[in-house]
1. Pick out the one residue from M14, M1 that is surrounded by fewer than 16 Cβ atoms within 10 Å (Cβ to Cβ), under 30 Å from G116 (Cβ atoms), out of contact with any Ser or Thr (no Cβ under 8 Å at 6 or more places or on another chain) and modelled with pLDDT under 90.
2. Can you name the residue in the stretch 56-106 that is farther than 17 Å from I127 by Cβ and touching a helix residue (DSSP H, G or I) at 6+ places or on another chain (Cβ under 6 Å) and, of all such residues, is modelled with the highest pLDDT?
3. I'm checking my understanding of the structure. Among residues of the stretch 40-54 that are out of contact with any helix residue (DSSP H, G or I) (no Cβ under 6 Å at 6 or more places or on another chain) and free of Cβ contacts under 8 Å to residues at least 40 places away in the same chain, which one is farthest from M104 (Cα to Cα)?
Amino acid sequence: MSLRLRSFLFFLCMQDFFKHLPAVLYEYVVRPDGSRGVNFISDTCETILGLAPQTVLHNSQTLDSIVHKEDVQSFLETASQSERGGKEWNWQGRIWVRGKLKWMEFSSNQELKTDGSIIRRGVIQDITARKDRADESEIKYLESIEHLPIGIIIHKKGKLLYVNAQAHAI
């Protein structure tokens, strides 16, 4: 088998591999002049994010536009901090996918190129089911301590987060 044929078969296998991953793979560039763009985004972008890959490749700000308005600031700030610090980027937040609110996790590393560009290669995963399970677990926990015969107060840094019925009675 020729090298050319092997390379082509490998390419086909990788395309199939990317198509069936339960995540979006991407490569994002921040150029020295401040311009930004997406160099690559896997086809799973359409099923997971509800955006056609060509749309994101043409205008990377379409990703920003689907982030929930309450999460946009943390999305942009954490990305900027990562770029300035030369560190990996990890962000969890809500995005709109075909009219439904979903939780996504963005994770990427970054590489500083000799021309000053920053290349960020990463993964976007739908973590909605994981967040729903965590919420259900918290609800069950709160329901269980609500009926304890002792007062329970939960606070964080002086801010009251929860008080059960027995604590109210005290």
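The values are calculated or read from the model by the stated rules, or taken from the named source; none is laboratory data. Quick caveat, the model's predicted, so the values are computed rather than measured. Here the Cβ positions follow ideal geometry from the backbone for every residue, glycine too, while neighbour counts run over all protein chains shown.
1. Numbers: M1 fails: under 30 Å from G116 (Cβ atoms).
Going through M14, M1 in turn, the sole match is M14.
2. Looking at residues that are farther than 17 Å from I127 by Cβ and touching a helix residue (DSSP H, G or I) at 6+ places or on another chain (Cβ under 6 Å), I get V56.
3. Kept after step one, since they are out of contact with any helix residue (DSSP H, G or I) (no Cβ under 6 Å at 6 or more places or on another chain), are these residues of the stretch 40-54: 40, 44, 46-50, 54.
The next check asks that each one be free of Cβ contacts under 8 Å to residues at least 40 places away in the same chain; those that pass are 40, 44, 46-47, 54.
Details: F40: 19, T44: 14, E46: 14, T47: 13, Q54: 20 Å.
The qualifying residue farthest from M104 (Cα to Cα) is Q54.
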